[in-house]
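These notes are about the structure you will find just below.
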Amino acid sequence: MNEKLLNTIACPLTHQKLEWDKENNRLINRDAKLAYPIENGIPVLLPEKAQQVSL
């Protein structure tokens with residue numbers, strides 16, 4: 001995941017900063033407890049692709 005890209009993208013639902021979960025290859029919104037997958041190196045920031053996570 002490109003660090004520069006990570007600093008510019010946000011959660012499409014809450015507009016909050018996302019955090020890279022390297023172990024599971026996904027982007028996490030800790031406050032909303034949502035995870036967005038990264039497929040083929042591309043973050044999939046579609047609300048319908050978000051998964052609830054317990055942190």
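The values are calculated or read from the model by the stated rules, or taken from the named source; none is laboratory data. Predicted model, so just to flag it, every value in this text is computed and none were measured. Here the Cβ positions follow ideal geometry from the backbone for every residue, glycine too, while neighbour counts run over all protein chains shown. Just the protein is used for accessible areas: all its heavy atoms, side chains included, with ligands, DNA and RNA removed. Shrake-Rupley method; radii C 1.70, N 1.55, O 1.52, S 1.80 Å.
The residues of the chain expose, per residue, 71 Å² of accessible area to a 1.4 Å probe. Only helices enter the 222 nm calculation for the chain: every DSSP H run of n ≥ 4 contributes -39,500 (n - 2.57), and dividing by all residues gives -1000 deg cm²/dmol, rounded to 500.
With a cap of 10 neighbouring Cβ atoms within 10 Å, and only residues DSSP puts in a loop, list the trypsin sites (Lys or Arg not before Pro) found in the stretch 1-35. Answer in residue order: Lys22. Which GluC sites (Glu not before Pro) in the stretch 12-55 pass both tests, a DSSP loop state and at most 16 other beta-carbon atoms within 10 Å? Of the GluC sites (Glu not before Pro), the ones in loops of the stretch 12-55 whose Cβ has at most 16 other Cβ atoms within 10 Å are Glu23. Label point of Lys4 set 7 angstrom out along Cα-Cβ; within the stretch 24-53, amide nitrogens under 20 Å from it belong to 41-44.
Rolling a 1.4 angstrom probe over the chain with all protein chains present gives an accessible area of which 47% lies on carbon and sulfur atoms.
Charges were assigned to the Cβ only: +1 to each Lys and Arg, -1 to each Asp and Glu. The resulting dipole of the chain about its Cα centre is roughly 80 debye.
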